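The values are calculated or read from the model by the stated rules, or taken from the named source; none is laboratory data. Note that the structure is predicted; figures quoted are calculated from it, not measured. With ideal geometry, Cβ positions are generated from the backbone for all residues, glycine too; neighbour counts draw on all protein chains shown.
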Amino acid sequence: MELAAGENRVAMTPDSAKQLQKLGYECLVETGAGKKAGFADAAYEEAGVTVVADAAALWAQSDIIAKVRIPTDAELGHMTPEKTLITFFNPGGNAEGLELAKEKGGNVIAMEMVPRISRAQKMDALSSMANIAGYRAVIEAGNNFGRFFTGQVTAAGKVPPAKVLVVGAGVAGLAAIGTSTSLGAITYAFDVRPEVAEQVESMGAEFVYLDFEEEQADGSGSGGYASVSSPEFREAQLAKFRELAPEMDIVITTALIPNREAPELWTEDMVASMKRGSVIIDLAAEKGGNCKLTVADEKIVTENGVTIVGYTDFPSRMATQSSTLYATNIRHMMADLTPEKDGKVVHNMDDDVIRGATVAYQGEITFPPPPPKTK
Ligand code: NAD
């Protein structure tokens, strides 16, 4: 069972357990582990899974342990050189966990480290969770917004459509754009990577171009991620946002740059210029937020009546869906680790995906990995 407060997800579902059994594994689950995600013990039993009484028994009886959140010291304390742990691990910010894993001698696969190459898309848990966060951000916005998304002409009056701005059109941003346009809002999107303009437009949203001398400067960094903007570009971006702020009903911010605090893009004066009843959903809250006023894990309402949501657990708020996708990511990772489908792990460190995601291996810390050899 996940120990983090408010975490509702589970790393194995009855369906994924059936697939794991086809790989030759016997599956166990801690009693109640799937309950908050909508998977009862009985459903696991029906799928051929053994339900065990507590976490200690589960760790003791298992060779491979799949979980969602960064393991606690106590959880890592259960590791032995024979065990493999598959989980989100935050290896870049978890030196203590890496040291403990090294000391215990087991193998640790960090799901956020799955390389973003085509072959590994089915194991890309960051993308599957970001997709859910983007969708849920729009639902959350709707829940806090007092009007329709779509415009309507009714006998009781004419309703204008909501205007939604999505900042950052990566995986979460594109999911938010798709959800927003499908609900009928007039949707705008901005990203520093100009190559996403076409994708944004193909989803029925309008890409926001800047009045910047060198056209839309290319903010693309390596591996499909963004790089830090120049001060001039940032000024042009903020000027455009200042112009848009009074018009927007909903702003969803998703802008991130790898290994950095989130760029601050929605300033106090922009919030102050927004209409009463407007909503900001800051998906970058965990990394400090794109909006100056965001408070992580909280919802606040400003004096001028703007709601700012800084929840960091959107996937957990849709635990059935997120567990289903995460468990599928895990079982694909297990398929890679089990080439003979004989219930035996072959931890092939020459495989780009396995090597990339392995952060501790046979008593060594193996993070950061070398760059993948394939695309
Ligand atoms: P991310 O979460 O790191 O960032 C979210 C978005 O914020 C990105 O689109 C980024 O360009 C944007 N951003 C950064 N600074 C900004 C700023 N100042 N203003 C506006 N936007 C800003 O990114 P992500 O969603 O994890 O993925 C980014 C890209 O990686 C994807 O669009 C895709 O091209 C690529 N990707 C590839 C694979 C694969 O090949 N398997 C999988 C997932 C993603």
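So in region 255-275, with the set limited to residues that are not aromatic (Phe, Trp, Tyr) and not in a loop (DSSP other than H, G, I, E, B), which one is farthest from the ligand (Cβ to nearest atom)?
Filtering region 255-275 for residues not aromatic (Phe, Trp, Tyr) gives 255-265, 267-275.
Add one more test, that the residue is not in a loop (DSSP other than H, G, I, E, B), and what stays is 268-272.
Working: 268: 17, 269: 18, 270: 14, 271: 17, 272: 21 Å.
Only one residue tops the list, namely 272.
Counting only residues that are polar (S, T, N, Q) and either within 16 Å of the ligand (Cβ to nearest atom) or at pLDDT 95 or above (or both), give me the helices (runs of 4 or more DSSP H) lying completely in region 67-176 with at least 3 of them.
Values: elements: 73-76, 95-104, 125-144.
Qualifying helices (runs of 4 or more DSSP H): 125-144.
With the requirement that a residue be out of contact with any Gly (no Cβ under 7 Å at 6 or more places or on another chain) and outside any helix (DSSP H, G or I), what does region 240-254 give you? Give the derivation first.
Start the filter on region 240-254 by keeping residues that are out of contact with any Gly (no Cβ under 7 Å at 6 or more places or on another chain), which leaves 240-252.
Across region 240-254, the qualifying residues are 248, 249, 250, 251, 252.
Given the conditions (1) more than 13 Å from the ligand (Cβ to nearest atom); (2) touching a strand residue (DSSP E or B) at 6+ places or on another chain (Cβ under 7 Å), and given that residue 252 satisfies all but one, which numbered condition is not satisfied?
(1)
Got a number for residues in region 276-332 being part of a strand (DSSP E or B) and over 16 Å from the mean Cα position of the chain (by Cα)?
Initially, region 276-332 is screened for residues part of a strand (DSSP E or B), giving 279-282, 291, 299-301, 307-309.
Checking the rest, the ones that are also over 16 Å from the mean Cα position of the chain (by Cα) come to 279-280, 291, 299-301, 307-309.
Total meeting the criteria: 9.
Looking at region 225-238, which of the residues that are more than 9 Å from the ligand (Cβ to nearest atom) and in contact with a Leu (Cβ under 8 Å, 6 or more places away or on another chain) is farthest from residue 172 (Cα to Cα)? Full working, then the answer.
Filtering region 225-238 down to residues more than 9 Å from the ligand (Cβ to nearest atom) leaves 230-232, 235-236, 238.
If we keep only those that are in contact with a Leu (Cβ under 8 Å, 6 or more places away or on another chain) too, we end up with 236, 238.
Working: 236: 24, 238: 21 Å.
It comes out as 236.
Restricting attention to region 210-239, and to residues there that are in contact with a Lys or Arg (Cβ under 6 Å, 6 or more places away or on another chain) and assigned to a loop (DSSP other than H, G, I, E, B), which single residue is modelled with the lowest pLDDT?
Here the residue is 219.
Mind listing just one residue for me: the one in region 346-364 that is buried (at least 17 other Cβ atoms within 10 Å of the Cβ) and hydrophobic (A, V, I, L, M, F, W, C) and, of those, farthest from residue 85 (Cα to Cα)?
Residue satisfying both the conditions and the ranking: 353.
Does region 27-43 include one or more residues that are in a strand (DSSP E or B), free of Cβ contacts under 8 Å to residues at least 40 places away in the same chain, in contact with an Asp or Glu (Cβ under 7 Å, 6 or more places away or on another chain) and not hydrophobic (A, V, I, L, M, F, W, C)? Show your work before the answer.
Start the filter on region 27-43 by keeping residues that are in a strand (DSSP E or B), which leaves 28-30.
Within this subset, residues satisfying the condition of being free of Cβ contacts under 8 Å to residues at least 40 places away in the same chain are 28-30.
Those still in the list that are in contact with an Asp or Glu (Cβ under 7 Å, 6 or more places away or on another chain) too: 30.
This time we only want the ones that are not hydrophobic (A, V, I, L, M, F, W, C), so: 30.
Within region 27-43 (the criterion being in a strand (DSSP E or B), free of Cβ contacts under 8 Å to residues at least 40 places away in the same chain, in contact with an Asp or Glu (Cβ under 7 Å, 6 or more places away or on another chain) and not hydrophobic (A, V, I, L, M, F, W, C)), the answer is yes, since at least one residue qualifies.
When region 177-189 is examined, which residues are found to be within 16 Å of the ligand (Cβ to nearest atom), over 21 Å from the mean Cα position of the chain (by Cα) and crowded, with 24+ Cβ neighbours inside 10 Å?
Once the filter is applied, which keeps residues that are within 16 Å of the ligand (Cβ to nearest atom), over 21 Å from the mean Cα position of the chain (by Cα) and crowded, with 24+ Cβ neighbours inside 10 Å, region 177-189 yields only 187.
What do you reckon, is residue 155 surrounded by fewer than 23 Cβ atoms within 10 Å (Cβ to Cβ), under 27 Å from the mean Cα position of the chain (by Cα) and not basic (Lys, Arg)?
No; evaluated as a whole, the condition is false for this residue.
Only one of 206, 201 is more than 13 Å from the ligand (Cβ to nearest atom), over 22 Å from residue 277 (Cα atoms) and touching a Ser or Thr at 6+ places or on another chain (Cβ under 9 Å); which? Lay out the reasoning, then the answer.
Numbers: 201 fails: touching a Ser or Thr at 6+ places or on another chain (Cβ under 9 Å).
Of the residues listed, the single one that is more than 13 Å from the ligand (Cβ to nearest atom), over 22 Å from residue 277 (Cα atoms) and touching a Ser or Thr at 6+ places or on another chain (Cβ under 9 Å) is 206.
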